[in-house]
Amino acid sequence: MKSIAPRELQALIEAGGIDVVDVREPDEWATGHIPGARLVPLGQLRGDPRAVLPADNVAFVCAKGGRSATAAKVAEESGKTNVYTVEGGMVAWAAAGLETIIPETRPFVGTAPPRADGADETPVSDATEPALDAVIGANLRELRTAQGYTLDDLARESGVSRTLLGQIENGRAPPSVGVVWKIAQALGLPFASMLSSEPRVGTTVTKRADAKRLLDADGRFSSRALFPFGDPHSAEFYELFLAPHSREDAEAHRPGTRENLIVTAGRLELHIGRDVRQLEAGDAVIFAADVPHAYVNPGKDECWMYLVMNYAKK
C-alpha cells in the first residue's frame, strides 16, 4: 500500500489505467466526488472485494483517509498488489483546488453500516416506513426461506457471494441495483418483490424529497420506484438515472417481460442483444427485455429516463 497526495493521484488519473474507488457512503458521494471515480461503500467492499475490484492498479479515497486505508488493506488481503490510498481524502482533494463532480441529485439510501474510521453518523431515514436497505434485507430473508433456499443455495443460483447475501439480509451492506436484479432473477420473482413493504390502497403521493433510490455499485446508475409497493398489478414504473459516459448492464428478465422506456434528458444508447438503438430526449422505445440488454450514456450530460416494466401474465 502506498499513501499518495491528491495531486499525485491526479497525475495517475491523467496517465490512465488507475481505478479510483470512493469508499464513502452514497450521501457523502453526492456532496462531491473525484471525476472518473466509482462508488463502492466500504461495507460492500469488505463483503466481496474480488467482485468489486477487477483491476490491480487501484486508488482508494474517503472523507479524510481513515476508511481508504482500511479499504487498501482489504484489497491487499484479496490479492491486489498495486494499491494506493489518498492522504487526507476528499477534504485534501478539495483543499488542493482539484476538480470535483457534484451530482444533480442526492440519492437516498437507508441505514448505512458503521464507518470503519469510527466517525459518528446519523442515518438518513423516512418517518413513515423502514429504510430501503432494511426492507430489501427483510424481504430477501423471507423470500429465500419461503423457497427453501439456504444462503449457499442462493449464492450458487444468483452468482452473488454468500457473504454479501448475509450482509444484505442483516442490513450491513446496501445492495446495488445489479445485485437486487440477480437475486430476484434467481428467486424467479419480479424486481419489485424485493422492494415491497406493506401494501397501500387508495391515492398514494410520493414526494420527490422522500425519494428512495437504489444505486449501482459505483453510484453512476440509480433507479427510483414510482409505484406503490405491494400492488398486485403486473406493471412497475421507475425513474432511471445514468451518469455521463456510463454503462449499466441488465441480465435477461423473465420470459415475456417488456420494457417501455422514454428518455427525458440527455442521450441513451440502448443495447438489446446485438441490436443497438440511439435515443435522444423525447424518444421512446418498447422492447422485449427477456434478453440481455444494456443502457449506455455516451455523452457528457446526465441521462434521465422513465421506465415501465410489464411482466407476462401467468
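What follows is calculated from the coordinates using simple rules that are stated; it is not laboratory data. This is a predicted model, so every value here is computed, not measured. FYI the Cβ positions are ideal-geometry reconstructions off the backbone, even for glycines, and counts take in every protein chain you see.
Along the Cα→Cβ direction, 7 angstrom out, place labels at V285 and E14. What is the inter-label distance in nm?
3.7
Contour minus end-to-end for E99 and A294, with contour as 0.36 nm per residue of separation and end-to-end as the Cα-Cα distance?
67.3 nm
From the P(r) of the range 2-95, can you give the percent of Cα pairs sitting at distances over 17 Å?
Percentage above 17 Å: 40.
On the principal axes of its Cα set, how long, how wide and how thick is the range 234-314? Give whole Å, largest value first.
42, 24, 17
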